[in-house]
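Engineer: Once you've had a glance at the structure underneath, I'll fire off some questions.
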Amino acid sequence: MAQATLSISSKNYSSWSLRGWLLTRFSGLAFREVVVSPDDVNARRELLLLAPSILVPCLQHDGIKVWDTLAIAEYLNEIKPKSGLLPATRAARAHCRAVCGEMHSGFASLRSALPMNLKGDFPGFKVWSKARDDIERITAIWHECLKQYGGPWLFGKKRCMADAMYAPVATRFRTYHVQLDAQCKAYADLILATPEMQEWITAARLESDDIEELDMEF
């Protein structure tokens, strides 16, 4: 069987690529990265939130092509059911899918006002009201999950789909110095300290291609 491949875009800027990459790493599926240049027209449109659909990341495995991060997550859960991408109980799985769906389709103000930029550092950044509303909803989700399932991950003692989906948010909070309460800060720090995130961040900082539109201070 041919090795799986995962097409991704910029590690510095692409939150969707990070989600797909983390999901695949968390699943334990061996794969080879295929990096799409930020100069690619379609990749650039996706990074700048101008694309009608997100086609990167894209997983190819066993003759099957899967794009869209939630579809990748569900596919990986099917082929690696013991990986823990989804929680053990039906109720927890439903809850996990709901908060992942909310991340997938919502928080447009946060995405546009605080774009992912792992090489960036913006102390004193002004977070406007609509993005602040998104931040408040995200931290409410974190609080609810950590309380209900006991932490340290959103759905208990093992990281899962939800942690991969919210990982780019943790990078945004650090880049833009978003003030968090102690519980949310501890959770964000936990995500960022994982070996997988440290590997991704190191690679992102070595990227030579910068996108001016995403490096500006708003």
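Engineer: Can you confirm whether M116 is hydrophobic (A, V, I, L, M, F, W, C), closer than 25 Å to P81 by Cα and crowded, with 19+ Cβ neighbours inside 10 Å?
Structural biologist: It is false that M116 is hydrophobic (A, V, I, L, M, F, W, C), closer than 25 Å to P81 by Cα and crowded, with 19+ Cβ neighbours inside 10 Å.
Engineer: Considering only residues that are in a helix (DSSP H, G or I), closer than 20 Å to R97 by Cα and not small (G, A, S), which ones fall in segment 160-198?
Structural biologist: Within segment 160-198, M161, D163, M165, Y166, P168, V169, Y187, I191 qualify.
Engineer: Answer with yes or no whether I79 is β-branched (V, I, T) and touching a strand residue (DSSP E or B) at 6+ places or on another chain (Cβ under 9 Å).
Structural biologist: So I79 passes the test.
Engineer: Still on this structure, I have one more. In this structure, does P123 turn out to be on the phi < 0 side of the Ramachandran plot, in contact (Cβ under 8 Å) with a residue 40 or more places away in the chain, surrounded by fewer than 14 Cβ atoms within 10 Å (Cβ to Cβ) and outside the structural domain of R25 (by TED's automatic domain parsing)?
Structural biologist: yes
Engineer: With respect to I201, determine if the residue is β-branched (V, I, T) and without any contact (Cβ under 8 Å) to a residue 60 or more places away in the chain.
Structural biologist: So I201 does not fit the description; no.
Engineer: Residue by residue through segment 160-212, note down the ones that are β-branched (V, I, T) and in contact with a Ser or Thr (Cβ under 9 Å, 6 or more places away or on another chain).
Structural biologist: V169, T171, I191, I201, I211 - these are the residues of segment 160-212 that are β-branched (V, I, T) and in contact with a Ser or Thr (Cβ under 9 Å, 6 or more places away or on another chain).
Engineer: Separate question: Need a quick list: helices (runs of 4 or more DSSP H) entirely within segment 57-159 having at least 3 residues that are more than 24 Å from P195 (Cα to Cα) and not charged (D, E, K, R).
Structural biologist: 90-105, 108-113, 129-149
The values are calculated or read from the model by the stated rules, or taken from the named source; none is laboratory data. Remember, it's a predicted structure, so these values are computed and weren't measured experimentally. Positions of Cβ are generated from backbone atoms using ideal geometry, with glycine treated the same way; all protein chains shown enter the neighbour counts.
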